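Student: If you scroll down you'll find the structure; I have some questions about it.
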Amino acid sequence: MEIFVYHTPELTPANSLPDCAVVIDVLRATTTIATALNAGAEAVQAFSNIDKLMEVSESWPADLRLRAGERGGAKVPSCDLGNSPLDCTPELMQGRRLFLSTTNGTRALQRVENAQVVITAALINRQSAVNYLIKQQPETVWLLGSGWEGGYSLEDTVCAGAIALALVDAGYTVANDEVIAAIALFAQWQNNLLELFHQSSHGQRLLRLNCHADLKYCAALDTLSILPLQKEPGILVSH
């Protein structure tokens with residue numbers, strides 16, 4: 001069983017897919033996906049293109065859908081919600097489908113949507129992802145960070161490191177140097193993840209948008225037991 005870490009979708013091998021892909025976008029898509037499903041959403045359907053989201057969601061009953069769109073950290077005006085997990089309350093989510101498009105995380109999902117198994121992970125549901133991987137034992141696992149517009153993101157790599165450390169302890173083989181780097185980052189910051197987010201470029205971007213509460217929520221470890229699992233390309237449900 002081999003673990004690979006890739007910091008962004010652009011850094012993945014062009015002509016291969018893993019047995020299981022773990023998509024990570026801590027700030028904030030995969031945190032929002034886990035929170036929405038935990039709050040009772042019927043499914044989360046992800047789109048890299050906001051126009052496609054509007055087109056597909058139009059065929060869904062209006063009282064059973066919510067549109068969430070984010071670009072540059074800010075809410076897309078034509079959508080009901082932005083990309084804040086704090087908006088995903090049971091009152092809003094229960095029984096509805098969340099149609100979601102974000103700057104980075106939905107692009108990462110699209111890159112691996114044809115893998116045999118796709119799950120999403122964030123710090124808040126880290127242990128659920130670990131438990132699933134140890135139980136299922138896929139031969140190859142990609143821990144895929146979403147990054148920011150093609151660049152490296154500290155928060156995604158620290159989450160990959162948190163997952164990878166547990167998998168290595170369970171007998172998985174380190175398959176690329178990025179795994180070692182991610183584990184080292186988590187080892188250094190595991191007791192101060194919020195401070196790491198404050199130093200990260202996207203964390204600072206969100207702070208300028210007055211999203212301090214989002215950072216605090218996203219930095220918490222193992223607070224949800226939910227595991228989002230792709231049931232068909234782009235559509236995630238609770239496992």
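The values are calculated or read from the model by the stated rules, or taken from the named source; none is laboratory data. Note that this is a predicted model, so its numbers are computed, not measured. Backbone-built Cβ (ideal geometry, glycine too); neighbour counts: all protein chains shown. Accessible surface areas use protein heavy atoms only, side chains included; no ligands, DNA or RNA. Shrake-Rupley method; radii C 1.70, N 1.55, O 1.52, S 1.80 Å.
Student: Excluding ligands, DNA and RNA, what is the solvent-accessible area per residue of the chain at a probe of 1.4 Å, expressed in Å²? Each step should come with its number before you reach the end.
Tutor: On the way: 9650 Å² over 239 residues.
Counting only protein heavy atoms, the per-residue value for the chain is 40 Å².
Student: Write down Rg/Rh for segment 1-91, rounded to two decimals, with Rg from the C-alpha atoms and Rh from the Kirkwood relation over Cα pairs.
Tutor: Details: Rg = 15.1 Å, Rh = 15.0 Å.
With Rg and the Kirkwood Rh in hand, the quotient comes to 1.01.
Student: What does DSSP give for segment 1-130 in terms of the percent of beta bridges that are antiparallel, rounded to the nearest 5?
Tutor: Values: 2 of 17 bridges.
Bridges in segment 1-130 that DSSP calls antiparallel: roughly 10 percent.
Student: How large is ³J(HN,Hα), in whole Hz, for each residue of segment 192-208 in order, when computed from phi with the Karplus curve 6.51 cos²θ - 1.76 cosθ + 1.60 and θ = phi - 60°, using x for Gly and Pro?
Tutor: 8, 5, 4, 5, 4, 5, 5, 8, 6, 5, 6, x, 5, 4, 6, 5, 5
Student: Of all the accessible heavy-atom surface of the chain, with the other protein chains kept in place and a 1.4 Å probe, what percent is carbon and sulfur?
Tutor: Details: 4710 of 9650 Å².
On the chain, the fraction of accessible area on carbon and sulfur atoms equals 49 percent.
Student: To continue, here is another question. Find out how many positive minus negative residues lie around Pro233, taking Lys and Arg as positive, Asp and Glu as negative, among other residues whose Cβ is under 14 Å from that of Pro233. Mind showing how you got there, number by number?
Tutor: Working: positive: Lys52, Arg107, Arg111, Lys231; negative: Glu113, Glu232.
Surrounding charge for Pro233 is +2.
Student: If you build the convex hull over the alpha carbons only and average its shadow over all orientations, what do you get for segment 104-158? Give it in nm² to one decimal.
Tutor: 4.0
Student: Cα convex hull of segment 148-239: mean projected area in nm², to one decimal? Present the calculation step by step, with values, prior to reporting the outcome.
Tutor: Numbers: hull surface 30.5 nm².
Mean projected area of the Cα convex hull: 7.6 nm².
Student: Oh, and also: Give, in nm to one decimal, the length gained when the segment between Glu232 and Tyr152 is fully stretched (0.36 nm per residue of separation minus the Cα-Cα distance).
Tutor: Full-extension gain reported as 26.0 nm.
Student: Right, next: Starting at the first residue of segment 57-73, write each ³J(HN,Hα) from the Karplus equation 6.51 cos²θ - 1.76 cosθ + 1.60 with θ = phi - 60°, in whole Hz, x for Gly and Pro.
Tutor: For segment 57-73, the Karplus-derived couplings read 5, 4, 7, 8, x, 4, 7, 10, 10, 9, 9, 10, x, 9, 9, x, x Hz, x marking Gly and Pro.
Student: When DSSP beta bridges are limited to those with both residues in the chain, what percentage is antiparallel, rounded to the nearest 5?
Tutor: Values: 10 of 37 bridges.
Of those bridges, close to 25 percent are antiparallel.
Student: Sequence neighbours fewer than 8 away in the same chain don't count; with that in mind, list the lysines whose C-alpha is under 29 Å from Lys52.
Tutor: Lys52 reaches Lys75, Lys231.
Student: Continuing with this model, one more query. For segment 166-183, in order, what is each residue's ³J(HN,Hα) by Karplus, 6.51 cos²θ - 1.76 cosθ + 1.60 with θ = phi - 60°, in whole Hz (x at glycine and Pro)?
Tutor: 5, 6, 4, 4, 8, x, 5, 9, 6, 10, 8, 5, 4, 4, 5, 5, 5, 5
Student: Given a cut-off of 18 Å, what percent of all Cα-Cα pairs of segment 121-190 lie beyond it?
Tutor: Numbers: 784 of 2415 pairs.
Result for the distance tail: 32 percent.
Student: Among Arg126, Arg205, what's the order by accessible area (1.4 angstrom probe), most exposed first?
Tutor: Sorted by accessible area, descending: Arg205, Arg126.
Student: OK, next. Based on the Cα coordinates of segment 182-226, what is the per residue volume of their convex hull in Å³?
Tutor: Numbers: hull volume 4.0 nm³, N = 45.
Considering the Cα atoms of segment 182-226, their hull volume per residue is 90 Å³.
Student: I've got another one for you. Under 5 Å between amide H atoms, partner at least 5 residues away or on a different chain: which partners does Thr8 have, H built in plane at 1.01 Å?
Tutor: Here Gly145 satisfy the definition.
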